[in-house]
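Notes follow the structure.
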Amino acid sequence: MSVSKHWQLTSFRSQQYERDGKWVYEQHPFWCTGYTFWELHSEAPDLFLHLSRSDLVFFKGDLNHRKLTYDCAAPASTPFDIAIGPMASAAGAPKVCSLRTIKSDVVVGLESDEMAEKLDKEEPGWKISGKYVSLFVLIVCPVVFIRTSKAVVLLSEGRPGEKVRFA
């Protein structure tokens, strides 16, 4: 299947999921506060409970990712589940997916700090260039903790015909 067909199918499915109520966009006053998502369970317990009943909660964008990770300067190798604190560890924490284009210094979940250091040396400003993306999925099961959080860092500029490489 061509990439174009794949994205058309993905678009069609997402629109169908919206119509079927499988994907829901939530409004809540908490989203517009200055609190990080570390405070969600204490500042908006109703929203935290509502999200915890979801199959998966998507947080999209650099600002939401920074709010998930407490906008802190943790080492790049800090595991995502540690970086998001209570959103991973609090009782009833929702399953989380974070998608972002990296546009700030907050980078976690890399396999090693050396990877970030190499990029810092070879491409100063890579964290704010908007050229790189990260994707994390964290699923906590009642009996077993499954860490599926991995950073996916796009290493190409996405030029037509250029193979996309992932770190």
Applying the Karplus parametrisation 6.51 cos²θ - 1.76 cosθ + 1.60 with θ = phi - 60° to the phi angles of the stretch 57-70, what ³J(HN,Hα) value in whole Hz is obtained for each residue in order, glycine and proline being reported as x?
10, 9, 10, 10, x, 5, 4, 4, 5, 5, 5, 5, 8, 6
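Please compute the length gained on full extension between SER112 and TRP7, using 0.36 nm multiplied by the number of residues separating them and subtracting their Cα-Cα distance.
Details: separation 105, 0.36 × 105 = 37.80 nm, distance 3.16 nm.
Length difference between fully extended and current span is 34.6 nm.
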Using the count of nearby Cβ atoms within 10 Å as a rough guide to exposure, how do THR101, THR36 rank from fewest to most?
THR101, THR36
Within straight cross-link reach of LYS121, meaning Cα distance under 19 Å, which aspartates and glutamates are found once same-chain residues fewer than 8 apart are removed?
ASP105, GLU111, ASP113, GLU157
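Any read-out appearing in this document is the output of simple, stated calculations on the displayed coordinates, not a laboratory observation. The shown structure was predicted, so the numbers you read here are calculated from the model rather than taken from an experiment. In this analysis, Cβ positions are derived from the backbone assuming ideal geometry, glycine residues included, and neighbour counts consider all displayed protein chains.
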